[in-house]
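Below you'll find the structure, written out as structure tokens, and then a few comments.
The values are calculated or read from the model by the stated rules, or taken from the named source; none is laboratory data. Just so you know, these numbers come straight off a predicted model, no measurement behind them. Please note: Cβ atoms are built from the backbone with ideal geometry, for glycine as well, and neighbour counts cover all protein chains shown. Remember, those area values only see protein heavy atoms, side chains included, never the ligands or the DNA or RNA. Shrake-Rupley method; radii C 1.70, N 1.55, O 1.52, S 1.80 Å.
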Amino acid sequence: MDGKALAERIRAEVAREVKELGTVGLATILVGDDPASDIYIRRKHEAAKEVGIHSVDHRLSAETQEDELCALIAELNADDGVDGILVQSPLPKHLDEAVLVRRLEPAKDVDGFHPENAARLYQGEPVLAPATPTGIMTLLEEYRVPLAGARAVVVGRSLIVGKPVALLLLGADATVTVCHSRTPDLALHTGEADVLVVAVGRPRLISPEMVKEGAAVVDVGMNRTTDGLRGDVDPAVAERAGLLTPVPGGVGPMTIASLLRNTVKAARLRRC
Ligand code: NDP
């Protein structure tokens, strides 16, 4: 499943919508100097610029205290030129992500992590859903992967990928199993999946014999190894699976495209 090509098409669509709307603003907040976060933030700004979204990159020192961050969030919440706000994770250890996310104006929470947005997803009526799971669903739809009645297995239960993608798959009428680090005999579950989504952070956790013949496999993993960027799925799975997302070029570009889409959606919702 070619995420790069689909993401390009979505970005072109977003660019047209931005033109229609006039101006769309995105503000990002990065605390500290984590090199991976720096790359992700730069990519998000490049992509935003390319589609005509006005983006502002707020960089704060690793020593920033909660009250300073809350003050910046309040300022951005009140700024009419800002349609979307995202706080890049991970945050330095002394800051509580859950507390800060609650400070975001839900209508501007383009990452979809605010409890109000999480609740809407839980209720089966997502408005701003997290970007990676949304991108995964768009890819599955593009490749016409049947979901109603399918056995879907999600490996990983994080708030940013595993749990929300499980809810979206459930919303699409799949029968969903969520596996995690305490799941005994992982292969027993993955081997039954018509649709397998893997979001763990362990290179080559999923080997070909763990996958059902013809399954659609989505590899969310992004592991920086000495051999370069690797997913959680052994690329040899391609010989057994019906469909597989590559790493890089699969879920990564779809995440950014979905973030841009969410920003335009937030802009539309705020204006109507
Ligand atoms: P987290 O570390 O938050 O969650 C990992 C999950 O994997 C946990 O639920 C954990 O279980 C589970 N897990 C760990 N070891 C095993 C195991 N041996 N068997 C089964 N489950 C296991 O990670 P994220 O969800 O944030 O990210 C996962 C991966 O996806 C990372 O490589 C990350 O870089 C990548 N990623 C990629 C994105 C993209 O755009 N392509 C976006 C976001 C993430 P437990 O809960 O029990 O600890």
What lysines does residue 44 reach when the alpha-carbon gap must be under 20 Å and sequence neighbours fewer than 8 apart in one chain are set aside? 4, 19, 108, 265
Taking a probe of 1.4 angstrom, what is the accessible area of residue 54 in Å², to the nearest 10? 120 Å²
Express in Å², to the nearest 10, the accessible area of residue 180 obtained by rolling a 1.4 Å probe over the protein heavy atoms while all chains stay in place. 60 Å²
Quick one: length gained pulling residue 148 to residue 181 fully straight, 0.36 nm per residue minus the C-alpha distance? 9.2 nm
Per-selection metrics, segment 177-241 (Cα): Rg and Dmax in Å: 11.3, 33
Dipole magnitude of the chain, debye to nearest 20 (Cβ charges: Lys/Arg +1, Asp/Glu -1, about Cα centre): 400 debye
With a 1.4 Å probe and all protein chains left in place, how much of the accessible area of segment 149-244 comes from carbon and sulfur atoms, in whole percent? 52 percent
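Please work out the Cα convex hull volume for the chain and give it in Å³ per residue.
Values: hull volume 34.4 nm³, N = 272.
Measuring per residue, one finds 126 Å³ for the Cα hull of the chain.
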Using only protein heavy atoms and a 1.4 Å probe, report how much of residue 70 is accessible, in Å² to the nearest 10. 20 Å²
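Considering only protein heavy atoms, with the full assembly of protein chains and a 1.4 angstrom probe, order 258, 181 by accessible area, largest first. Before the final figure, lay out the partial values.
Details: 258 5, 181 105 Å².
Output order, biggest surface exposure first: 181, 258.
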Scan around residue 179 for amide H atoms under 5 Å from its own, H built in the peptide plane at 1.01 Å from N, and keep only partners 5 or more places away or cross-chain. 154, 155, 156
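Kindly rank 122-130, 59-67 from highest to lowest mean number of other beta carbons found within 10 Å of each residue.
Those peptides, ordered most packed to least, come out 122-130, 59-67.
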At 1.4 Å probe radius, can you tell me the per residue accessible area of the chain in Å²? 49 Å²
Heavy-atom accessible area with a 1.4 angstrom probe orders 40, 143, most exposed first, as 143, 40
Just how far, in whole angstrom, is segment 192-237 from segment 60-78 if you go by their alpha carbon centroids? 37 Å
